[in-house]
1. Give me the residue from region 243-262 that is part of a loop (DSSP other than H, G, I, E, B) and modelled with pLDDT of 95 or more and, out of that set, nearest to the ligand (Cβ to nearest atom).
2. With respect to the numbered conditions (1) in contact with an Asp or Glu (Cβ under 9 Å, 6 or more places away or on another chain); (2) modelled with pLDDT of 95 or more; (3) of a type in the set (Ser, Thr, Tyr), which one is the sole condition not fulfilled by SER82?
3. Count, please, the residues in region 59-93 that happen to be surrounded by fewer than 23 Cβ atoms within 10 Å (Cβ to Cβ) and part of a loop (DSSP other than H, G, I, E, B).
4. Taking the stated definitions as given, is GLY133 crowded, with 19+ Cβ neighbours inside 10 Å and not polar (S, T, N, Q)?
5. Residue under question is ALA163, and the condition is that it be in a strand (DSSP E or B), within 13 Å of the ligand (Cβ to nearest atom) and at pLDDT 95 or above; does it hold?
6. Restricting attention to region 150-160, report how many residues are hydrophobic (A, V, I, L, M, F, W, C), crowded, with 24+ Cβ neighbours inside 10 Å and more than 11 Å from the ligand (Cβ to nearest atom).
7. Give me the residue from region 177-191 that is free of Cβ contacts under 8 Å to residues at least 40 places away in the same chain and either part of a loop (DSSP other than H, G, I, E, B) or over 22 Å from the mean Cα position of the chain (by Cα) (or both) and, out of that set, nearest to PRO272 (Cα to Cα).
8. Using the structure shown, decide if ARG146 is at pLDDT below 95 and in contact with a Pro (Cβ under 7 Å, 6 or more places away or on another chain).
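The values are calculated or read from the model by the stated rules, or taken from the named source; none is laboratory data. Keep in mind it's a predicted model, so treat the numbers as computed, not measured. Note: ideal-geometry Cβ built from the backbone for every residue, glycine included; neighbour counts use all protein chains shown.
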Amino acid sequence: MPGVSMLPPGLKSKLMIPRPILLPLLLSIVIHAMSASAQDKGSVDPKPLPPLANPGDPKIGAKELFARKLLPAAMPTKVLGSYVKGCIAGAEQMPITGDTWQVMRLSRNRYWGHPDTIALLKRLSVKAHKDAGWPGILIGDIAQPRGGPALTGHASHQIGLDADIWLTPMPDHLLSRDEREEMSAVMMVREDRLDVDPKVFTPGHVLVLRDAAQEPSVQRIFVNPAIKKALCREAKGDRSWLTKIRPWYGHDYHFHIRIACPPGASECKGQPDQRDGEGCGAKDLAYWFKDKILHPEPPKEPPKPRTGPTLAQLPAACKQVLNAPDAKQQHRDRDGVLIPSQLPLK
Ligand SMILES: [Zn+2]
């Protein structure tokens, strides 16, 4: 959920409340101001972050520490904490290229996740190809190598169980490093924000979103309200999967998948299943199409940068995850050649 990171800490917990009507207007203003972040471009030559002057300072944001870890912790896989306050040990890398997927914005180094998330993304990419006829899917942020809060873009995505998928189908060729940093996703929402743009939002999109929502481990999918509205109109046959599709700010270039805590992950703090029906009634969607939500007044002052949670505010075991040695991760490129994951794709 890009954009959410700018929220005051007290509001973050409200993001879990399924009733959008409870959300203060402030939220929409802040998020609208941030909604471009989904399309931040990267660089093929990212500069390493400078070392911290005082990494042991207890007041420092945990994001400063986790963003400086380039590889996962050499520990067995373990999910610690919640989507918005946690970390992950033993994360797996999403291979940056597969037959039916390509990972975007490699410079962000957020292509790490729980093995269940990685397996799910691979499976969904095959389904997008078979069901929607897409060459494949483009994958955005999953999590940092050890999860935790990030310097930019999200409040969630901290435990390797969230993933962003572009609403732009994968092109039918191998994208270069440059294209993966520079290419823009396609805006799916019409200019008046009241519905999708029928020139770009196709029946294939409905199938890709349906396939994702029908995965048993997927608990929630965040999309722009105009996309939710379109799905409500277009879904045929069994519509029970619509329950998992939640309208949210932004998400007009990509959708966000959140999976439940994996079985046996006793230190993962999940969320209850969605239980409020299809969410397609006029009342369910009315909030999102109010003029003050669609066209909020810009904030009088730019939002102040926030430190986010400190290491002490994350589960205690995240300190071990942070301090563990690097895992020796490798992945295979399209030709099956093993590449150390730090090396950029040619
Ligand atoms: Zn997201």
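1. Start the filter on region 243-262 by keeping residues that are part of a loop (DSSP other than H, G, I, E, B), which leaves 248-253, 260-262.
This time we only want the ones that are modelled with pLDDT of 95 or more, so: 253, 260-262.
Numbers: TYR253: 11, ALA260: 16, CYS261: 18, PRO262: 19 Å.
Among those that are part of a loop (DSSP other than H, G, I, E, B) and modelled with pLDDT of 95 or more, it is TYR253.
2. (1)
3. Of the residues in region 59-93, 12 are surrounded by fewer than 23 Cβ atoms within 10 Å (Cβ to Cβ) and part of a loop (DSSP other than H, G, I, E, B).
4. Answer is no for this residue.
5. Considered against the rule, which asks whether it is in a strand (DSSP E or B), within 13 Å of the ligand (Cβ to nearest atom) and at pLDDT 95 or above, ALA163 comes out as yes.
6. Selection size over region 150-160: 1.
7. Result: ARG190.
8. no
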